[in-house]
Amino acid sequence: QVQLVESGGGLVQPGGSLRLSCAASGIIYSINVMTWYRQAPGKQRELVAGITGAGITNYADSVKGRFTISRDNAKNTVNLQMNSLKPEDTAVYYCNLTFSSADYWGQGTPVTVSS
């Protein structure tokens with residue numbers, strides 16, 4: 001059974017920073033993709049950033065230049081460094097792990113950007 005546990009969310013002022021972390025446990029195939037999604041109130045879940053086991057990354061246009069995704073393959077963790085946060089970044093952030101055609105999700109961690 002694969003489990004994902006996110007941490008690091010909270011309340012931050014506009015222009016501030018937060019670092020989200022996601023730890024995966026269980027039997028995990030080495031070739032996988034770890035991705036952060038977010039869902040704002042009343043909106044659909046959207047991709048924020050993803051990273052392959054080889055370190056290839058992709059970002060939503062709305063976060064390019066502000067967010068950085070990284071991972072530690074030995075520890076099966078993925079991080080999301082979020083800088084220059086804006087009110088529109090407010091959402092619940094979810095960690096996703098995909099391998100062998102299976103999808104796993106964390107429970108989500110809320111991020112609120114407000115003064």
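The values are calculated or read from the model by the stated rules, or taken from the named source; none is laboratory data. Note that the structure is a prediction, hence the values are computed from the model and not measured. Methodologically, a virtual Cβ is constructed for each residue, glycine included, from the backbone with ideal geometry; neighbour enumeration extends over all protein chains shown. Quick note on the areas: whole protein, heavy atoms, side chains included, nothing else; ligands and nucleic acids left out. Shrake-Rupley method; radii C 1.70, N 1.55, O 1.52, S 1.80 Å.
Quick notes on this structure:
- Convex hull volume per residue, computed on the Cα atoms of region 75-115, equals 92 Å³.
- With all protein chains in place and ligands, DNA and RNA left out, the 1.4 Å accessible area ranks ILE28, ILE51, ILE56 as ILE56, ILE28, ILE51, largest first.
- Solvent-accessible surface of region 22-115, averaged per residue with a 1.4 angstrom probe and all protein chains in place: 52 square angstrom.
- ASP61 accessible area, assembled protein chains, probe 1.4 Å, Å²: 120
- Candidates GLY55, GLY26, GLY16: whichever shows maximal mean-square fluctuation once the chain is modelled as a Gaussian network with Cα springs under 10 Å: GLY26
- Atom-type composition of the exposed protein surface of the chain places 50 percent of the accessible area on carbon and sulfur (1.4 angstrom probe).
- Volume of the Cα convex hull of the chain, divided per residue and given in Å³: 93
- In the chain, taking the dipole from charged Cβ atoms about the Cα centre, the farthest positive-side position among SER25, GLY15, ALA40 is held by GLY15.
- Accessible-area value, LYS86, 1.4 Å probe, nucleic acids and ligands omitted, Å²: 80
- Given +1 at the Cβ of Lys and Arg, -1 at the Cβ of Asp and Glu and no other charges, the dipole of region 17-101 around its Cα centre is 80 debye to the nearest 20.
- Rough spin-label spacing in nm, given labels placed 7 Å along Cα→Cβ, for SER7 and SER25: 1.1
- Residue-by-residue Karplus 3J(HN,Hα) for region 51-60, coefficients 6.51, -1.76, 1.60, Hz, glycine and proline x: 8, 7, x, 7, x, 6, 10, 8, 9, 5
- Against the criterion of solvent-accessible heavy-atom surface with a 1.4 angstrom probe, VAL78, VAL33 sort, most first, into VAL33, VAL78.
- Cα-based convex hull, region 50-107, per residue volume (Å³, whole number): 101
- Computed on region 18-92, with alpha-carbon pairs under 8 angstrom and 6+ residues apart, the relative contact order is 35 percent.
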